[in-house]
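I have placed the structure first, in the form of structure tokens, so that the comments after it can refer back to it.
Where a number appears in this text, it was derived from the coordinates with a stated rule and is not lab data. Just so it is clear, the structure is predicted and the values come from calculations on it, not from any experiment. Positions of Cβ are generated from backbone atoms using ideal geometry, with glycine treated the same way; all protein chains shown enter the neighbour counts.
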Amino acid sequence: MEIPYTVEPRPDTGLFNAKLGIWLFLASEVMLFGALFSSYILLRTGAPAWPHGRDEGLNVPLATLNTLILISSSVTMVMAWASVKLGDLKKFRLYMGLTFLCGLGFMVIKGIEYAHKFETHHYPSTNTFLAIYFTLTGLHGLHVLGGMIVNGYFWGPGAKLYGRDPERFANRIEVAGLYWHFVDLVWIFLFPTLYLL
Amino acid sequence: MDHTDAAAIRRQTKIYVAVFAALMVLTVVTVTVSYLHLSTALAIAVALLIASIKGSLVAAYFMHLIDERKAIYAILILTVAFFVVLMFVPSFGNFDQRILR
């Protein structure tokens, strides 16, 4: 059976179904991260004193670099989508590959940060700040990993669809991109909250 | 705007590069400001303001929200409303404590 509305917009929503689907999913993601942000506010306002990220051994220069990497990956992602739309599969492969590598770079740097914290005996159980730090960055890291799996699939075997149905493939990349930009957006708020304030 | 129009997409890619530059600059600004020893309240206000501008740029241009269908705006209005409530949940807790005392 043919999946309906993968390319042509559904008359009542004006959207292909996957786009409505990803936005509903992102709405639920806003609530997931929102609940944890709200918990952060509660923990911080309820604590007699709140440490600065730097005092807990957080590496601001490294996290700044990670922020720049993730922002770059958002740009390469949107360029990957534009390349498919313009019918340039070679450029798509280049930009999608860069997006994947940026994701990998982000995770490696995050890994270095985590490793350094464990070496200096900073664990989620150490204090409330580190508990919420590991919860928020850990959940965000899992999201990056999930996005990398999807992006890697579309860079490799998933790109076969381009030959059969380029419009549908472009839509898949748009949907994957919406998710990836959301993950970037979450980090844009996590970074100052945990590292700079 | 029709996304399938090649000329329109080429125009958009120029905007993406400009947004990219703005996001890079704002990241450097927010880190620089954090070293200025502002009062906590002011530091939080400035950091959240910059993050909101960056977030809006990503949502508006990379996620194409500047030019989207009504159905998506409807979902997002509802999401924002619940999100705002969620952010005020911590203050409900303080309210309870005052009653208990």
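Things worth noting here:
- If only the Cβ of Lys and Arg carry +1 and only the Cβ of Asp and Glu carry -1, the dipole of the range A:74-155 around its Cα centre is close to 320 debye.
- Cα-Cα P(r), the range A:1-150, percent of pairs per 5 Å interval: 2, 8, 12, 15, 17, 15, 11, 8, 6, 4, 2, 0, 0
- Per-residue mean of foreign Cβ neighbours for B:29-36 is 4 (Cβ atoms of other chains, 10 Å radius).
- Extreme residue, positive dipole direction of chain A, given options A:TYR179, A:HIS121, A:TYR195 (C-beta unit charges): A:TYR179
- Across peptide A:15-24, the mean count of Cβ atoms from other chains lying within 10 Å of each residue's own Cβ comes to 3.
- For q = 0.17 Å⁻¹, Debye-computed log10 I/I(0) when each Cα of the range A:78-150 counts as one equal scatterer: -0.70
- Reachable lysines, given that their alpha-carbon falls under 30 Å from the alpha-carbon of A:LYS160 and they are not under 8 places away in the same chain: A:LYS19, A:LYS85, A:LYS90, A:LYS91, B:LYS14
- Under 16 Å of direct C-alpha separation, and excluding same-chain neighbours fewer than eight residues apart, B:LYS54 reaches these aspartates and glutamates: A:ASP184.
- Note on A:ASP184, A:ASP12, A:ASP88: ascending count of other Cβ atoms within 10 Å places them as A:ASP12, A:ASP88, A:ASP184, the fewest first.
- Tail beyond 21 Å, pair distance distribution of the range B:1-67 (Cα, percent): 37
- Averaged over the residues of B:53-66, the number of partner chain Cβ atoms lying within 10 Å of the residue Cβ comes to 5.
- Residue-count net charge about A:LEU20 - beta-carbon cut-off 12 Å; Lys, Arg +1, Asp, Glu -1: +2
- From largest to smallest, the equivalent ellipsoid semi-axes obtained for the protein assembly as shown from the alpha-carbon gyration tensor read 35, 22, 18 Å.
- Residue order, fewest to most beta carbons within 10 Å, for A:LYS110, B:LYS14: B:LYS14, A:LYS110
- Once the Cα-Cα distance is subtracted from the 0.36 nm per residue extended length, the A:LEU32 to A:ILE112 segment shows a gain of 26.2 nm.
- Neighbourhood charge, 14 Å Cβ-Cβ cut-off, centred on A:SER125 and excluding it, Lys, Arg +1 and Asp, Glu -1: 0
- If the Kirkwood radius is taken over C-alpha pairs of the range B:29-92, then at 4 °C and 1.567 mPa s the Stokes-Einstein diffusion coefficient equals 92 µm²/s.
- Which of A:TYR162, A:PRO51, A:LEU130, positive extreme of dipole for chain A (C-beta unit charges): A:TYR162
- Cα gyration tensor shape for the range A:1-85, rounded if a/c is under 1.5, else prolate or oblate: oblate
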